[in-house]
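What follows is a set of notes on a single structure, which appears directly below.
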Amino acid sequence: MTMERLFSGLMALVSLFLIYLAIGYVAPIAYDPIGPRPYPILIFSLLAFGALVVAFRPASFTKPIDLGWSKPIIRNLVLCALALLVYGLIFESLGFILATILMSFAVGLLFAGNPLKSLIFSVLISIGLYILFDIFLDVKLPLGLLSGIIG
């Protein structure tokens, strides 16, 4: 309970500092009438509000939660974090599609997924997300090794 309140208070302070930084943000290109400043201010304001609610809520609203930590769960959490770290490291060189296939396949196996179904889902979600970002949202993602084939 005390650690939860301390962490929430610290998160509120960090959010308030980030709001302070966002207020002074000026984009070099004005593509939006109100500019990009309101978006981080809104997000960090909501984060600060939520953290303050958790930090200062009455003790009668809290119950101890048993998270059920066990060695296999902790191992899977660490392996999932490592998969995300490796994803960040290989994202540029392999490209979005291949890196996302590898990461989502590894996470699928960590959560006891069928290997064939995890592979099929990984390929479909990677290609689908690439199409969504590239065509519909006009966000250019790196192709990496596939740049000669697709791009």
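Does region 66-80 hold any residues that are open to solvent by less than 90 Å² (accessible area, probe 1.4 Å) and either in a helix (DSSP H, G or I) or on the phi > 0 side of the Ramachandran plot (or both), and which are they?
GLY68, PRO72, ILE73, ILE74, ASN76, LEU77, VAL78, LEU79, CYS80
For region 44-65, give me each residue that is open to solvent by 100 Å² or more (accessible area, probe 1.4 Å), modelled with pLDDT of 80 or more and aliphatic (A, V, I, L, M).
Within region 44-65, just LEU46 meets the criteria.
So how many residues does region 91-103 have that are without any contact (Cβ under 8 Å) to a residue 40 or more places away in the chain and of a type outside the set (A, V, I, L, M, F, W, C)?
The total comes to 1.
Pairs only if they're at least six apart or on different chains, beta carbon under 7 angstrom, first in region 104-121 and exposed (fewer than 11 other Cβ atoms within 10 Å of the Cβ), second not in a loop (DSSP other than H, G, I, E, B); list them, first residue then second.
Listed pairs, sorted by first residue: PRO115/LEU109.
Select from region 130-148 the residues that are assigned to a helix (DSSP H, G or I) and surrounded by 16 or more Cβ atoms within 10 Å (Cβ to Cβ) and list them in ascending order.
TYR130, ASP134, GLY144
Out of the residues in region 81-90 that are in contact (Cβ under 8 Å) with a residue 12 or more places away in the chain and open to solvent by less than 80 Å² (accessible area, probe 1.4 Å), state the one that is nearest to SER8 (Cα to Cα).
Step by step, filter region 81-90, then rank; the result is ALA83.
Regarding ALA27, is this residue over 14 Å from SER15 (Cα atoms), open to solvent by less than 100 Å² (accessible area, probe 1.4 Å) and either at pLDDT 80 or above or in a loop (DSSP other than H, G, I, E, B) (or both)?
So ALA27 fits the description; yes.
Go through region 1-15 and give me each residue that's open to solvent by 90 Å² or more (accessible area, probe 1.4 Å) and within 22 Å of the chain's Cα centre (by Cα).
Result: PHE7, LEU10, LEU13.
Show the residue pairs meeting these rules: Cβ distance below 7 Å; 6+ apart or different chains; first residue within region 37-55 and under 16 Å from LEU6 (Cβ atoms); second residue open to solvent by 50 Å² or more (accessible area, probe 1.4 Å).
ALA48/LEU16; ALA51/MET11; VAL54/GLU4; ALA55/ARG5
The values are calculated or read from the model by the stated rules, or taken from the named source; none is laboratory data. Everything numeric here is computed off the predicted structure, so don't read it as measured data. Glycine also receives a Cβ, built like all others from the backbone with ideal geometry; neighbour counts cover every protein chain displayed. Protein only, heavy atoms only, side chains kept; ligands, DNA and RNA dropped before computing areas. Shrake-Rupley method; radii C 1.70, N 1.55, O 1.52, S 1.80 Å.
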